[in-house]
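Read the structure below first, then the notes.
The values are calculated or read from the model by the stated rules, or taken from the named source; none is laboratory data. Computed from a prediction, not measured in an experiment: that's the story for all the values here. As a convention, Cβ positions derive from the backbone with ideal geometry for all residues, glycine included, and neighbour counts pool all protein chains shown. Each accessible area value is taken on the protein alone, full model and side chains, heavy atoms only, with ligands, DNA and RNA left out. Shrake-Rupley method; radii C 1.70, N 1.55, O 1.52, S 1.80 Å.
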Amino acid sequence: MSDQDRLKALRVRIDSLDEKILELISERARCAEEVARVKLAALKPGETPVFYRPEREAWVLRHIMEINQGPLGNEEVARLFREIMSSCLALEHPLKVAYLGPEGTFTQAAALKHFGQAVISTPMAAIDEVFREVVAGAVNFGVVPVENSTEGAVNHTLDSFLEHDLVICGEVELRIHHHLLVGENTKTDGITRIYSHAQSLAQCRKWLDAHYPSVERVAVSSNADAARRVRSEWNSAAIAGDMAAQLYGLTKLAEKIEDRPDNSTRFLIIGNQEVPPTGDDKTSIIVSMSNKPGALHELLVPFHESGIDLTRIETRPSRSGKWTYVFFIDFVGHRHDPLVKSVLERLSQEAVALKVLGSYPKAVL
């Protein structure tokens, strides 16, 4: 058989497989519609239907990655299934998600990575506004940044948890790649100003010192805002990501200019529904201890004695008094796990106040 004949036969086979894939996706979508009908029929008077189940999606993605035999990588396969699930869920009930805007931010990229492209996403001007939208019921979920691997905690998010009673329903981690972007009218040899968010400027400081040491660095509200400004200026550039570059039609003058190649940001999914255990979970709490010597030691001892892995601990000023602080703690396990439940009960007896922000699946993608 000639090479042309072999190619023709392979293309016929691919066409046949595509038809089978479409048939199966359509069958899955019809099942999703039936799930919605069953859920609505089973509702009791006054009950609100729960269409999005974070623990179920996490299990499906992990299962797909476990049984995947290639040649596509696990993450690539999981992303494909994420989009299928997103589209099927939209048939049941389109999700509304608020995120820290404007359009083109890394937070929007995180929201789409976690929920898929089929959600209705709404940009908000500030982190606190994302919280208020969820509290008001205007959206189903919100997405906010909580920590960066190089710049540390996002304090606005931590402080918002002190003011609002919401549940952490999930997390998503996003590799942050910064690019130097220019518009079609930019004179690249005459750049005198570079816009970006303050954190992004800090994350690219060494690269900027080496390549644009005398150029003014202007901190703006977001990287997307930086990209928007560049479109109308001939002497400026912006530091932003792929989404902002595509949204505002900018060209990459230099790619991946972040100082640390492992630069990542963690985002939280906030909502109003508690998430059942998946077997691979994290829990976040806020604890206030008495202002006395050894308070932090007393706080950490129960975790140590129970062998529970702490993944993060932050302190923030308390709203209840001068020079008093609260601790934000993330640890491995679910609040309903017997060991974790025992530790939380012990803490509640020793702490001035204890608030469980939520237990949720560890980030899959």
Highest-fluctuation residue, Asp242, Asp280, Asp337 considered, GNM on the chain with Cα pairs under 10 Å: Asp337
Formal net charge of residues neighbouring His164 (Cβ-Cβ distance under 14 Å; K, R +1; D, E -1): -3
Trypsin sites (Lys or Arg not before Pro) restricted to the stretch 120-187 and DSSP loop, no more than 15 other C-beta within 10 Å: Lys187
Within the accessible area of the chain (1.4 Å probe), percent carbon and sulfur: 52
Nearby aspartates and glutamates by direct alpha-carbon distance to Lys362 (threshold 13 angstrom, same-chain neighbours under 8 apart not counted): Glu55, Glu57, Glu171, Glu173, Asp280, Asp281, Asp330
Shape category assigned to the chain from the gyration tensor of Cα positions, a/c cut at 1.5: oblate
Anisotropy class of the stretch 1-103 from Cα gyration tensor, a/c 1.5 cut: prolate
Per-residue ³J(HN,Hα) for the stretch 32-38, Karplus 6.51 cos²θ - 1.76 cosθ + 1.60, θ = phi - 60°, Hz, x for Gly and Pro: 4, 5, 5, 4, 4, 5, 5
Where chymotrypsin sites (Phe, Trp or Tyr not before Pro) fall in DSSP loop in the stretch 269-335, at most 12 other Cβ within 10 Å: Trp323
The stretch 136-279: projected area of the alpha-carbon convex hull, averaged over directions, in nm²: 10.3
Where only alpha carbons of the stretch 274-361 are counted, the Rg and the Dmax (Å): 12.8, 40
Net +/- balance of residues flanking Val146 in space, Cβ distance below 13 Å, scoring K and R +1, D and E -1: -3
Per-pair calculated FRET efficiency, R0 = 41 Å: Ser87 and Asn155 via Cβ, rounded to 0.05: 0.65
Charge context of His179, other residues only, Cβ under 11 angstrom, K/R +1, D/E -1: -1
Simple Cβ-charge dipole of the chain, Lys/Arg +1 and Asp/Glu -1, about Cα centre, in debye nearest 20: 320
Which of Met1, Met85 is most accessible, then next, and so on - probe 1.4 Å: Met1, Met85
Check: the stretch 29-122 dipole with +1 on Lys, Arg Cβ and -1 on Asp, Glu Cβ, in debye: 220
Positive-pole candidate from Gly307, Pro338, Ser359, dipole of the stretch 274-361, charges at beta carbon: Ser359
Loop sites in the stretch 263-365: trypsin sites (Lys or Arg not before Pro), DSSP, at most 13 other Cβ within 10 Å: Arg319, Lys322
Calculated FRET value between Lys256 and Ser16, using beta carbons and R₀ = 41 Å, to 0.05: 0.55
Note, ³J(HN,Hα) from phi for the stretch 78-95, Karplus 6.51, -1.76, 1.60, rounded to Hz, x at Gly and Pro: 5, 5, 4, 5, 4, 5, 5, 5, 4, 5, 5, 5, 4, 5, 6, 6, x, 7
Sequence-distant aspartates and glutamates (8 or more away, or on other chains) whose Cα lies within less than 14 Å of Lys292: Glu350
Residue-averaged 222 nm ellipticity for the chain, from DSSP H runs of 4+ at -39500 (n - 2.57), nearest 500: -13000 deg cm²/dmol
Cross-link partners of Lys206 among lysines (Cα-Cα below 28 Å; sequence separation of 8 or more within a chain): Lys187, Lys252, Lys256
Virtual paramagnetic centre 7 Å along Cα→Cβ of Leu310, amide N under 13 Å, in the stretch 332-365: 332
